Each structure stands twice: as structure tokens, then as C-alpha cells.
1. Restricting to segment 1-151, compute how many DSSP beta bridges are antiparallel as a %, nearest 5.
2. Distance cut-off 19 Å, Cα to Cα: go down the list Lys78/Lys168; Lys81/Lys137; Lys81/Lys168; Lys60/Lys131 and report the pairs above it.
3. Over the C-alpha atoms of segment 104-200, what are the Rg and the largest Cα-to-Cα span, Dmax, in Å?
4. Which of the following values of P(r) over Cα pairs in 10 Å bins from 0, in percent was calculated from the structure shown: (i) 8, 29, 29, 19, 11, 3, 0; (ii) 9, 38, 39, 13, 1; (iii) 8, 27, 31, 24, 8, 1, 0?
5. With springs connecting C-alpha atoms under 10 Å apart, model the chain as a Gaussian network and identify which of Pro20, Pro121, Pro72 has the largest mean-square fluctuation.
6. Grab the other residues whose beta carbon is less than 11 angstrom from that of Lys81, score K and R as +1, D and E as -1, and report the net.
7. Hey, what did the chain get for relative contact order, percent, Cα under 8 Å, at least 6 apart?
8. Tell me which residues come under 5 Å, amide H to amide H, from Tyr106 once H is placed; ignore anything under 5 positions away on its chain.
Amino acid sequence: MADHNALPLVILAEKFASLPGIGMKTAQRLAYYVMSMSEKDVEDFADALVSAKKNVHRCKNCMNLTEREICPICSSEKRDKNIICVVEAPRDVTAFERTREYHGVYHVLHGLISPLDNMTPEKIHIKELIKRISEGKIKEVIMATNPTVEGDTTAMYIAGLLKPLGVKVTRLAFGLPVGANLEYADEVTLYKALENRNDM
């Protein structure tokens, strides 16, 4: 922002610009919009940010984000605990839940293996997945990582670790463009990919 702008406004725009997918022009618009809000609305917005950061954490079973110790999906009696769908991020859980067709549980990795980005297997939640499978009566693990180099690498790596445990490992039959993100897929495409998954 130009030198004639107030420093707190410049800092606010820079904070917005630090978020993924927000360029400087959008960040400036957001900063100016905040200035048009009432003080109460700004305080409510700030409180929501702080509350989410303080109260939301990872479910100790599946690593999805929740305000409880165990998330509602893991604690539901209606879910099939014998099937685990492995996804990269919490937003992918939301994408699958929109289909209303998947009734198993999830495991959120919070990242993908990517040596170029210094993301090694130890930095994502693979060991927690292995522990769940070792302790439970899991019949199938669905690898639902994105159809990218990193997604495929992660799926193959985990499949290699799981095969000796005697669990069936499948991969989504992607009706999605290579390089696409699950969160942007429509419900029918996701359901068909889930329905036509393949053995790994």
C-alpha cells in the first residue's frame, strides 16, 4: 500500500496478503472493508479467530479438526469403523461429507510427502494411521489423496506400509482431472470416484 496510508491499515493488508490465495489487491480491499465495519463487528470477527485457534484441535483418533477430544464422525455409532478414508486435509473430509454417500471414518494426514518442500513421511500423520490399523479391525483403507505427483507418492508409500498388515488398500477411481483438488469437485464426481475405487 502507498506511503500515504496509515501504518495499522498497511499492516492489516499485509496480514490478509499472507493468507493463501489472497493477493495484495484483495488484501487491500479486505483491509478497507474492515475499516467500514462497526467496532462490534470487528471485535466479533477477531474473537472468532482467537476462539477457533484456541478451541479447535486435532481429533485424537482421525486427526480431523474438532473442538471435542473425539470428533463427531469418530464418535458416531452410525459410521462404519471398518473403513478408513485417508485424505490430505480437513477440507477433504468436508468434500466427502457433502456427497452423503460415504459412511466410514477418516484419517487426515495434514500434508503429503514432498521432498522438494521438505515434507517427509515423519512430518505427516502416517504413524497414527498405522497404529489405528494395528489396534482395530480395519477391513479397508481408501487412499483419497489428490491425483498429483505428491498425492500419488503418498498413497503408494502408505499402501506399501499397510500391505504387510493384511488390510485391503484401494485408491479412488478418479473421474477428476490430474492435478485437481478434491475440495473443488462436485458431489456426483466424488461419489463416482468413491464408488469405482481400485485396489492398490
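1. On the way: 3 of 12 bridges.
For segment 1-151, the DSSP antiparallel bridge percentage is about 25.
2. Values: Lys78/Lys168 22 Å; Lys81/Lys137 8 Å; Lys81/Lys168 14 Å; Lys60/Lys131 12 Å.
From the list (Lys78/Lys168; Lys81/Lys137; Lys81/Lys168; Lys60/Lys131), the Cα-Cα distance tops 19 Å for Lys78/Lys168.
3. For segment 104-200, the Cα radius of gyration and maximum Cα-Cα distance read 13.3, 36 Å.
4. Entry (i).
5. Of Pro20, Pro121, Pro72, the Gaussian network model singles out Pro20 as fluctuating most.
6. On the way: positive: Lys78, Arg79, Arg132, Lys137, Lys139; negative: Glu77, Asp80.
Within the 11 Å Cβ shell, the charges total +3.
7. Details: 274 pairs, mean separation 30.9, N = 200.
Reported as a whole number, the value is 15 percent.
8. Excluding prolines and chain starts, which carry no amide H, the hits are Cys85.
Every number in this text was worked out from the coordinates using simple rules, so none of it is lab data. Not measured: the values here are computed from a predicted model. Methodologically, a virtual Cβ is constructed for each residue, glycine included, from the backbone with ideal geometry; neighbour enumeration extends over all protein chains shown.
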